[in-house]
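Since every read-out is calculated from the coordinates, none of them should be taken as a lab result. Note that the coordinates shown come from a computational prediction; the quantities given were computed from them, not determined experimentally. When we count neighbours, we look across all protein chains shown, and the Cβ atoms used for this are built from the backbone with ideal geometry, even at glycine.
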Amino acid sequence: MKQTYHLGLLYLIHLLISADGVIDEHEQIALHNIKEREGIPDELFNAFEGIVLNKKEREIFETGIDLVNQCTLEEKLNIFVLLYKLSEVDGRVHVKEIRFLLYTIKLLGVEFDDVVNKARTLPSLI
């Protein structure tokens, strides 16, 4: 279901861009571009933003993992490719972002090499 994919993606994006404690302008632009490229409806995006305001990081993580676990392997790979590309947009990849990516990739059964190889074929998010 596309909504499950979109929400899983949004939950993990939220965690990734919050990992280093700073959401910079490049990350905000990249998030907007992902929203457009992936066809995430405004209503879903706005509802998501309201939901995460009242949730703890652990709840956001668990919900995001549950949603992504419902996705196909191809959707999971796509989510991690986008997260990988997103981690690069601010010009520096923070150690917390890398830890988050590696941990969730392993947890969800996606091959890191597959993520890197597919990410190399895509244009920048900004």
Could you please give the count of residues in the range 94-126 that are part of a helix (DSSP H, G or I), β-branched (Val, Ile, Thr) and free of Cβ contacts under 8 Å to residues at least 24 places away in the same chain?
-> 2
For the range 9-23, does any single residue satisfy the condition of being closer than 18 Å to residue 119 by Cα and surrounded by fewer than 17 Cβ atoms within 10 Å (Cβ to Cβ)?
-> no
Selection from the range 42-64 of residues out of contact with any Lys or Arg (no Cβ under 8 Å at 6 or more places or on another chain) and touching a residue at least 12 places away in the same chain (Cβ under 8 Å) yields 44, 48, 52, 57, 60, 61, 64
Can you find a residue in the range 83-104 that is in contact with a His (Cβ under 8 Å, 6 or more places away or on another chain) and either over 19 Å from residue 26 (Cα atoms) or not small (Gly, Ala, Ser) (or both)?
-> yes
Lone qualifier among 88, 27, 38 - being of a type in the set (Asp, Glu), touching a helix residue (DSSP H, G or I) at 6+ places or on another chain (Cβ under 6 Å) and under 18 Å from residue 126 (Cα atoms) | 27
On the given criteria, is residue 67 touching a residue at least 40 places away in the same chain (Cβ under 8 Å) and within 22 Å of residue 126 (Cβ to Cβ)?
-> no
